[in-house]
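J.: Sharing a structure here in structure tokens format.
No value in this document is a laboratory result; all are computed from the given coordinates. These numbers were taken from a predicted model, which means no experiment stands behind them. As a convention, Cβ positions derive from the backbone with ideal geometry for all residues, glycine included, and neighbour counts pool all protein chains shown.
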Amino acid sequence: MLNTYRNRFNSTLFKETFVYTITDVIGKAMSFVLLPIVSFYMTPDELGIATNFTVITTLVSLFAGLAVVNSLPYFFYEQEKKENSLMVSNLLLLCSLLCVVLAVIISVLHQLVSHYLQLPLFAQLLGVVYVVGMLVSQISLILMRLENRSHEFARIQVFQIIFHAISVLFFVITLRGGGLGKIYAETIVFVVMGIIHMVIIIKKGYLKIHLSSEWIKKLLKFGIPLLPHSVSFWLKSGLDKVFITAYCGLHYNGLYSMAISISAVYTMLVQSFFNAYTPHLQKQLSSFDDGGEHEGEKIKIVKQTYLLFALFGIVGLFAVAVSWVIFNYLIDNKYLPAMGYMPLIILANFIYTFYNFTVQYIYKVKKTLVMGIITFSGSLIQMLLSYWLISTVGVMGAVYSLLIGNVLITVGISIYSSHVYSMPWNPLRLLGESGK
């Protein structure tokens, strides 16, 4: 049995997945490693400020074109290098223009943002600068994955890990900058990394000074239907912090953010895996476009999916146990109440893992409008539940609404995915195939 499953995983997939996943996990785990140190130098209120900066940068990145940036794997293998260069160039131009527009909008609405997030204007504008560097970096890293340049990817990520750690320690501990210090550190890191990645993009020949209205339209056609889908993520993970700040205060926002940060080790592992798995899966699905019979290959993919989902469940149980150790022995005692949020948060994240598998088939057929409606509707329900539950039962209301929202979205996307892209998801059928 073990040999059967071992043979089903392509060796190239494992080699690339190992490098990308381990590199991503190490990089994101470094932020986690810094948490115990930072917890002694930042109060929950200060962590709440830093968290609200993440809330605004996440929203800005969505409207600045993050969904379009992440669509690169769905175009890359369908065209030649010259066309890919044109696509990347116009994507960079589109994201830059959107960031300028968003900076103007923030300047007009900064008092409203400051009221709900307690961030001054200069911190809000720093968020736009942060997003510019982040988007350029993301484009370059995706291209490295698509070109199978795993070692180049690893080298530059290791540099960013070290640079980020030094910057945070310097601004938060040496300068005692608190929440604003963490904001300065993270902005500087992405500005520098954005410049480095832009140089890499230029050297690889992906930057062509040529405006293509055709590509702008194509990118917008793919990205605009995804906007509700993308904003739904912010409604799920950002607006609850706004409600907590408004109804419970920055202190409890900091506690909840600490719990989310600890649970992020699990979600980072999942996301790092999918960063490597998605290009491989899309490449495999593209080979099915020749119109031939591929039922056997599809069955192998589904069996692999169920096995991976089960493994993520085991990792989730381990994550809860590790969280208890972290809160009791590593994090400053003032954050200990946040441990009570952990089991349900991990459960919610585990359920959402299956969404990450099934949504890939919707992206493949590029039928993103209904997908956006499903995710936006589920997130809207979660937002309304968050508003009601947080205002009545406190921070645990955000945890309950997170779990309910993840269940609704995962079920909805799985049903729609099965509708638009036929895959043998029936477990009974798979058992029958295994018995042959």
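J.: With r as the distance between the Cβ atoms of residue 393 and residue 32 and R0 = 30 Å, compute the FRET efficiency 1/(1 + (r/R0)^6) and round to 0.05.
T.: Numbers: r = 28 Å, r/R0 = 0.94.
Once the sixth-power term is evaluated, E becomes 0.60.
J.: Between 253, 349, 148, find the one with the highest GNM mean-square fluctuation for the chain; connect C-alpha pairs within less than 10 Å.
T.: 148
J.: A further question follows. Return the Cα extents of region 161-284 along principal axes one, two and three, sorted largest first, each rounded to a whole Å.
T.: Principal-axis extents of region 161-284 (Cα, largest first): 49, 33, 30 Å.
J.: Compute, for the chain, the length of the dipole vector about the Cα centre, with Cβ point charges of +1 (Lys, Arg) and -1 (Asp, Glu) only. Units Debye, rounded to 20. Present the calculation step by step, with values, prior to reporting the outcome.
T.: Numbers: 29 positive and 19 negative charges, 109 e Å.
Roughly 520 debye, rounded to the nearest 20.
J.: Now, a different point. Here are a few candidate values for Rg/Rh (Cα atoms, Kirkwood Rh): (i) 1.00; (ii) 0.95; (iii) 1.17. Which one was actually calculated from the structure I just gave you?
T.: The value computed from this structure is option (ii).
J.: Scale the Cα Rg of region 253-398 by the rule-of-thumb value 2.2 N^0.38 Å and send over the ratio, two decimals. Write out the running numbers ahead of the final one.
T.: Working: Rg = 18.7 Å, N = 146, 2.2 N^0.38 = 14.6 Å.
This ratio for region 253-398 stands at 1.28.
J.: Along each of the three principal axes of the Cα atoms of region 189-243, give the extent in whole Å, ordering the values from largest to smallest.
T.: Ordered largest first, region 189-243 gives principal extents of 44, 33, 13 Å.
J.: To the nearest 0.05, what FRET efficiency results for residue 419 and residue 82 with a Förster distance of 60 Å applied to their C-beta separation? Display every interim value, and only then the final one.
T.: Numbers: r = 36 Å, r/R0 = 0.60.
For residue 419 and residue 82, the calculated efficiency is 0.95.
J.: List, largest first, the extents of the alpha carbons of region 99-142 along their principal axes, each in whole Å.
T.: 36, 19, 13
J.: How many times 2.2 N^0.38 Å is the alpha carbon radius of gyration of region 42-224? It would help to have the intermediate numbers written out before the result.
T.: Numbers: Rg = 17.5 Å, N = 183, 2.2 N^0.38 = 15.9 Å.
So region 42-224 has a normalised radius of gyration of 1.10.
J.: Another one. Mind pulling up the Rg/Rh value for region 45-149? Radius of gyration and Kirkwood radius, both on Cα. Provide the component values of the computation, followed by the final result.
T.: Details: Rg = 16.0 Å, Rh = 14.9 Å.
The Rg/Rh ratio comes out at 1.07.
J.: Moving to a separate point now. Identify, among 42, 195, 167, the residue whose Cα sits farthest towards the positive end of the charge dipole of region 42-224, taking +1 on the Cβ of Lys and Arg and -1 on the Cβ of Asp and Glu, with the dipole about the Cα centre.
T.: Positive-most Cα among the choices belongs to 195.
J.: Okay, next question. Of 203/367; 81/283; 204/366; 182/241, which sit over 23 Å apart, Cα to Cα? It would help to have the intermediate numbers written out before the result.
T.: Numbers: 203/367 34 Å; 81/283 16 Å; 204/366 28 Å; 182/241 18 Å.
Pairs exceeding the cut-off: 203/367; 204/366.
J.: Just to be sure I understand: if I project the alpha-carbon convex hull of region 129-234 onto a plane and average over all orientations, what area do I get in nm²?
T.: On the way: hull surface 33.9 nm².
Dividing the Cα hull surface by four gives the mean projection, 8.5 nm².
J.: From Cα pairs below 8 angstrom and at least 6 apart in sequence, can you work out the relative contact order of the chain, rounded to a whole percent?
T.: Details: 527 pairs, mean separation 104.7, N = 436.
Normalised by residue count, the contact order of the chain is 24 percent.
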